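Contents: one structure, followed by commentary.
Each reported figure results from applying straightforward, stated rules to the coordinates on display, with no laboratory input. Just so you know, these numbers come straight off a predicted model, no measurement behind them. Don't worry about glycine lacking a Cβ; one is built from the backbone with ideal geometry, like all the others, and counts go over all protein chains shown.
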Amino acid sequence: MLWFYELFFPVVWIVFLVYWQIIWARTARGKTTQRIEPAASRILRALAFLIAVALLSIPRIPLRWLYLEIWPSGIWPFWIGAAVTVGGLLFAVWARLHLGSNWSRAVTIKQGHELITTGPYSLVRHPIYTGILTGFIGTAIALSQVRGFIAFVLVFLALRAKFRMEEAWMRSQFGETYATYAHKTAALVPYIF
């Protein structure tokens, strides 16, 4: 049964990433891109994600303090983390499907870009980021080690930089309509932030 606990999170994340690629491939030929973020910011974000994944998946990095337990590991942190991770990733998938052809990997403005404010976008302005961050925090809870929370912080910082750029572009594209939406809808955590 130990194999289940060792493989659960890698399998969940791999299934999520494979599904993400499949839905990207199905909608990649959507709307024409009019404006795209610089390659440097995309590369930095990818690097932050790679470091976070390495922190979570490499069994022995030669920095012992990364493996310090924040609380005792066990069955409860595992299952709480598993529920949080799966819930977060399902929320991200819902948001991605709801966004449809307006989605892209990089920050973009597309021809005929629509402002989506329904479904998960009625709860938060960036539900995909909320879901992915929730997935990382759930994984960190289950891992119970410093490295899990460092991975979460890295992903948070990368996505925060992306959503700030996205916010500026959406304000310039949709003006007062976006300002009103942003005023009444939290960025990442419903009713809070």
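Can you tell me which of V107, V15, V93 moves the most in a GNM of the chain? Springs connect C-alpha atoms under 10 Å apart. Looking only at V107, V15, V93, the biggest GNM fluctuation is shown by V15. Against the chain, whose longest principal axis is taken from its Cα atoms, helix 39-57 shows a tilt of about 20°. In the set (1) 0.95; (2) 0.99; (3) 0.93, the label that goes with Rg/Rh (Cα atoms, Kirkwood Rh) computed for this structure is (2).
Tell me the net charge near Y129. Cut-off is 10 Å between Cβ atoms, Y129 excluded, with +1 for each Lys or Arg and -1 for each Asp or Glu. The answer is +2. Extending 7 Å from the Cα toward the beta-carbon at both L115 and I75 defines two label points whose distance is 5.1 nm. In plain terms, the residue of R96, R64 with the fewest other Cβ atoms within 10 Å comes first and the most crowded comes last, giving R64, R96.
By average Cβ neighbour count within 10 Å, what is the ranking of 186-193, 84-91 from highest down?
Result, highest mean first: 84-91, 186-193.
Taken along the Cα-to-beta-carbon direction at a fixed 7 Å, the label points for I51 and E176 span 4.3 nm.
When peptides 32-38, 137-143 are ranked by their average number of other Cβ atoms within 10 Å per residue, the highest-first order is 137-143, 32-38.
If only the Cβ of Lys and Arg carry +1 and only the Cβ of Asp and Glu carry -1, the dipole of region 2-184 around its Cα centre is close to 460 debye.
Against the chain, whose longest principal axis is taken from its Cα atoms, helix 2-27 shows a tilt of about 20°.
If the segment from I61 to R42 were pulled out straight at 0.36 nm per residue, it would be longer than the present Cα-Cα gap by 4.2 nm. As I understand it, the value is the acute angle between the Cα axis of helix 127-143 and the longest principal axis of the Cα atoms of the chain; what does it come to in degrees, rounded to 10? It is inclined by approximately 10 degrees.
Listed from fewest to most Cβ neighbours within 10 Å, the set H113, H126, H183 follows the order H183, H113, H126.
Length gained on full extension, F4 to K184, computed as 0.36 nm times the residue gap minus the Cα-Cα distance: 60.5 nm.
Could you tally the net charge around K184, taking each other residue with its Cβ under 14 Å from the Cβ of K184, Lys/Arg +1 and Asp/Glu -1?
0
Among W76, I23, N102, whose Cα sits farthest toward the positive end of the charge dipole of region 2-184 (+1 at Cβ of Lys/Arg, -1 at Cβ of Asp/Glu, about the Cα centre)? Ranked along the dipole, the leading option is N102.
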